[in-house]
Structures are given as structure tokens and as C-alpha cells.
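The values are calculated or read from the model by the stated rules, or taken from the named source; none is laboratory data. Treat the numbers as computed from the prediction; the structure is a model and nothing was measured. In this analysis, Cβ positions are derived from the backbone assuming ideal geometry, glycine residues included, and neighbour counts consider all displayed protein chains. All accessible areas refer to the heavy atoms of the entire protein, side chains included, with ligands and DNA or RNA removed. Shrake-Rupley method; radii C 1.70, N 1.55, O 1.52, S 1.80 Å.
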Amino acid sequence: MSPKPKLVIFDCDGVVIDSEVISANVLIDKLAVLGAHIDMAFVQQHFLGCQFATVAAKINSLLNITLPPTFELQYREQLLLAFDRDLTVTHGIKDVLTRLTVPFCIATSSSLPRTTKALAVVGLGDVFAGNVFTASEVVNGKPAPDLFLHAAKRMGVAPEECLVIEDSFFGVTAAVAANMPVIHYVGGGHINYHNHPVKNVFPQVPVLNNWPDFAKLMPNIVR
């Protein structure tokens with residue numbers, strides 16, 4: 001890990017905003033209507049960190065269900081309503097953002113409208129304004145390195161001088177493929193770290209249990 005990163009790249013869902021449980025529950029409920037009964041563990045294993053097109057393809061291959069043409073739109077509409085009602089930031093992230101001494105941005109598999117809406121709901125729209133990069137801007141989403149490399153290029157920082165904060169296996173995989181130091185954040189409400197594949201596949205990746213510990217882990221970029 002670089003002794004002093006010049007850029008921090010945050011994933012959004014499950015890292016900045018505590019949205020993964022909300023998103024998963026909406027998806028679980030909508031799939032149940034179609035006759036597919038899955039749980040949070042299934043979502044974490046197969047869908048976490050993926051863009052919707054990838055999720056839809058996995059639903060088809062794993063559950064043998066072809067989603068109706070209106071499914072994505074209805075899912076997103078229902079999700080935004082749930083965000084308005086229930087969405088919060090992850091505990092302590094706002095304090096970290098105010099104390100960082102290096103630039104930061106978001107690189108997310110979620111759509112730009114969803115991310116913009118979510119950040120506005122939790123009061124972080126202005127904090128990340130102009131520095132939100134989504135999978136729609138690259139050919140291959142996570143676990144490919146494209147999105148992180150794109151974010152680093154747009155922010156003018158070499159990959160090895162970035163620090164990625166990710167919660168998902170696909171996100172950590174993408175950061176490693178991009179040759180970027182990465183921290184696995186497990187403080188979101190959706191994470192069961194004991195059963196998380198990152199623990200077994202990437203045992204060298206540092207783990208962050210909660211944001212108040214970030215300053216201890218990276219004291220050279222937190223005032």
C-alpha cells in the first residue's frame with residue numbers, strides 16, 4: 001500500500017451510503033413475485049458490486065428467469081422511494097470526508113441518476129459534485145479494472161497512487177486488477193465478513209470495520 005495515497009476512490013453503495021440492505025430487500029421482494037426466493041446471503045455472493053445488466057444476466061443463468069422488460073424501471077422506481085424513506089450514510093463517513101487531506105471521488109456500478117439521488121438524500125451531493133464516475137462510462141464494469149482506472153485518469157492520479165475503499169468481492173477484485181491499493185470496508189449493514197469471499201481470496205487486503213478506525217489505519221491522509 002502506498003505510504004501516502006494522492007486520491008481516495010470510494011465505492012458508493014455499502015461504503016458511503018448504507019444502501020445495500022435496502023437494495024437487496026427490494027430486489028428480493030420483486031423476484032419473489034416472479035417465483036424466485038433468494039436471501040441476503042445469495043445477493044451478497046452473486047450480485048453485490050455488480051451493475052444491473054450483470055445482475056439481470058446472473059438472474060437468468062442462476063435462477064432461470066428472464067426478467068420482464070419493465071422490471072429494471074420498476075425496480076429503480078421502487079428503490080428510489082425506499083431511499084427517500086430509509087437511506088442513511090454509513091456511520092462515521094461524513095467525519096472522514098471532512099478530515100481527508102487528499103482529493104476523493106466515487107466509482108460505482110450504480111447508475112448516475114440513482115447515485116445522484118442517493119447522495120442528495122443523505123446530504124452528500126455537493127461533497128462529491130463532479131467527482132462521481134459510473135459503470136456506464138466504461139466498457140467493462142467491476143470486477144474488471146476499467147472503472148477504477150477511468151476514475152484515476154479523470155482525477156489525474158496514477159493507479160498505484162490511489163486508495164480504493166470497497167465492500168464487495170467484485171469491487172476488491174477490480175481494485176487489485178487495477179494495481180491499486182484497496183481496503184475492504186465491512187461496516188455496512190449488509191456485510192457478513194465471516195462468510196465473505198474477500199477474506200479467503202484476498203487475505204492480504206486490510207479490513208476496515210468502521211469509519212472511526214480509518215484515521216488509525218491511514219493517519220497520513222486524515223487530519
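The figures follow:
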item: Of residues in region 172-211 being assigned to a helix (DSSP H, G or I) and at pLDDT below 95, the one least open to solvent (accessible area, probe 1.4 Å); result: Val198
item: Where Ser23 falls short, out of the listed (1) in contact (Cβ under 8 Å) with a residue 40 or more places away in the chain; (2) assigned to a loop (DSSP other than H, G, I, E, B); (3) open to solvent by less than 10 Å² (accessible area, probe 1.4 Å); result: (2)
item: Any hit, region 76-97, residues being more than 20 Å from the chain's Cα centre (by Cα) and over 27 Å from Val132 (Cα atoms); result: no
item: Qualifying residue in region 3-13 (condition: surrounded by 20 or more Cβ atoms within 10 Å (Cβ to Cβ), within 17 Å of the chain's Cα centre (by Cα), at pLDDT below 95 and under 23 Å from Phe128 (Cα atoms)); result: yes
item: Ala41 vs. criteria out of contact with any Cys (no Cβ under 9 Å at 6 or more places or on another chain), surrounded by fewer than 17 Cβ atoms within 10 Å (Cβ to Cβ) and assigned to a helix (DSSP H, G or I); result: yes
item: Test for Ala56: is it farther than 29 Å from Asn210 by Cα, out of contact with any helix residue (DSSP H, G or I) (no Cβ under 6 Å at 6 or more places or on another chain) and either crowded, with 16+ Cβ neighbours inside 10 Å or of a type in the set (A, V, I, L, M, F, W, C) (or both); result: yes
item: Helices (runs of 4 or more DSSP H) contained in region 71-167 and holding at least 2 residues at pLDDT below 95, open to solvent by 20 Å² or more (accessible area, probe 1.4 Å) and of a type in the set (D, E, K, R); result: 71-86, 112-121
item: Meets criteria (touching a Lys or Arg at 6+ places or on another chain (Cβ under 8 Å), open to solvent by less than 30 Å² (accessible area, probe 1.4 Å) and over 18 Å from Thr108 (Cβ atoms)) for Ala215; result: yes
